[in-house]
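Below is one structure; the comments refer to it alone.
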Amino acid sequence: MSDYRAVTALLDMPVTKPKACSRTKEGSAPGKRAIFARRTGSDWYIAAINGSEAGTIDVPLSFVGKSACTAVLLRDSDRPDAYAREQLTVGGSSRLRAAMAAGGGFVAQLRSKKSQ
């Protein structure tokens, strides 16, 4: 799927990234993967890009705090021409786990249940 607007519609996320972020976290393994998390208000946006080898990423969510969040995740599917969409409830003691295809990745929006 190459249309950015179609992908963001699947997530029900803004078409443009937030202009102001109050907190950013980054992590990467050069040549293997990169992951970024940004907070705007009480919402977190996470994006990961994978390198040339398929693998699974396991993201500890301690940075979201103790409150429960609704996570909407758009990740690689078993089919190379499709994406999988998941919605789950997570908190600071949760981990976000996603299989990523070679050259694939995922995006997620974590929204505090208090703000919904």
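ARG85: touching a strand residue (DSSP E or B) at 6+ places or on another chain (Cβ under 7 Å) and farther than 11 Å from ARG33 by Cβ, yes or no?
So ARG85 fits the description; yes.
Considering only strands (runs of 3 or more DSSP E) fully contained in region 5-82, which possess at least 3 residues that are at pLDDT 75 or above and not charged (D, E, K, R)?
33-40, 43-50, 55-60, 69-76
The values are calculated or read from the model by the stated rules, or taken from the named source; none is laboratory data. Bear in mind the structure is a predicted one, so any value in this text is a computation, not a measurement. Counting neighbours? That spans all protein chains shown, and the Cβs are built from the backbone with ideal geometry, glycine included.
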